[in-house]
1. Lysine pairs, Cα distance under 17 Å, 8 or more residues apart or cross-chain: how many in the range 89-166?
2. With +1 on the Cβ of every Lys and Arg and -1 on the Cβ of every Asp and Glu, and nothing else charged, how large is the dipole of the range 177-219 about its Cα centre, in debye rounded to the nearest 20?
3. Quick one: net charge around SER102, please, counting Lys, Arg +1 and Asp, Glu -1 for every other residue with C-beta under 11 Å from its C-beta.
4. For the range 144-219, would you read off the P(r) tail past 19 Å as a percentage of all alpha carbon pairs?
5. In the full protein assembly as shown, how much of ASP185 is accessible to a 1.4 Å probe, in Å² to the nearest 10?
6. At most 15 other Cβ atoms within 10 Å and a DSSP loop assignment: could you name the trypsin sites (Lys or Arg not before Pro) in the range 119-219 that fit?
Amino acid sequence: MRKMTILKRLLPVLMLGVLSVMIGVTGATVLHTMQLENPIKTPPVEGKIEEDINGNAKNAKFTNDGEADVFLRVAYTETWLASDGKTILPNRTKDKSGNMISPAVPKWNTASPWDWSKESKEGWIYYKKVLPGTVAGPNANHSTGYIVTDVDFANVAKAADERYKTAKYRLHFTMEVVQASDDWDISREAASELFDKTIALEGNSNWVTNKYNATIQWN
């Protein structure tokens, strides 16, 4: 009964954040939108998507600004907008030899350890650690590492379609979080209800004594 009561409190805590980054081939413009949904007052669940842009280089990471510890998943989409401001170009096109290419190639940070799952068939990438909230104390790391470190536009010059040279490229990130309880069974049920995923602990991970260093397997 206690677990069901706590689980009912956890289930509504869902945060959605969207970062839309517009990267032109010759420059960069940043557009941010953020939506937070937190129907219950305790504990607060907040987050943000942080980025650094230097020319065409882009770094993106995700931060937990709330009180509660959370599980995190992210998704991304790419779009090309032609210079007419109306035409959406495909993410893959033919080069001048007729081969299919991607004009833009995000550079994923694959530095070890890689704390993200492989992209699921639904398009989500799951963070394999708990992202601490303020309850973890001031010395906790409340941000993920950078998931993207650059965007490579080298193939733009190879595209047979000249419109890519003046088009604007958008890389959108969506993040969703759900509260991670100190009780493993409750956390597992919440992840199942909201993310429709079964979670387990990898290796010798111990949720009770070493929650913030535990590695989560998303199935």
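The values are calculated or read from the model by the stated rules, or taken from the named source; none is laboratory data. Values in this document were obtained by computation on a predicted structure and should not be read as measured data. Reconstructed Cβ throughout: ideal geometry from the backbone, glycine too, with neighbour counts over all protein chains shown. For the accessible areas, the whole protein counts, side chains as well, though only heavy atoms, and no ligand, DNA or RNA atoms are used. Shrake-Rupley method; radii C 1.70, N 1.55, O 1.52, S 1.80 Å.
1. Qualifying lysine pairs in the range 89-166: 7.
2. 160 debye
3. Within the 11 Å Cβ shell, the charges total -1.
4. The proportion of pairs with Cα distances above 19 Å equals 58 percent.
5. The accessible area comes out at roughly 50 Å².
6. When the trypsin sites (Lys or Arg not before Pro) of the range 119-219 are filtered for loop state and at most 15 Cβ neighbours within 10 Å, LYS121 remain.
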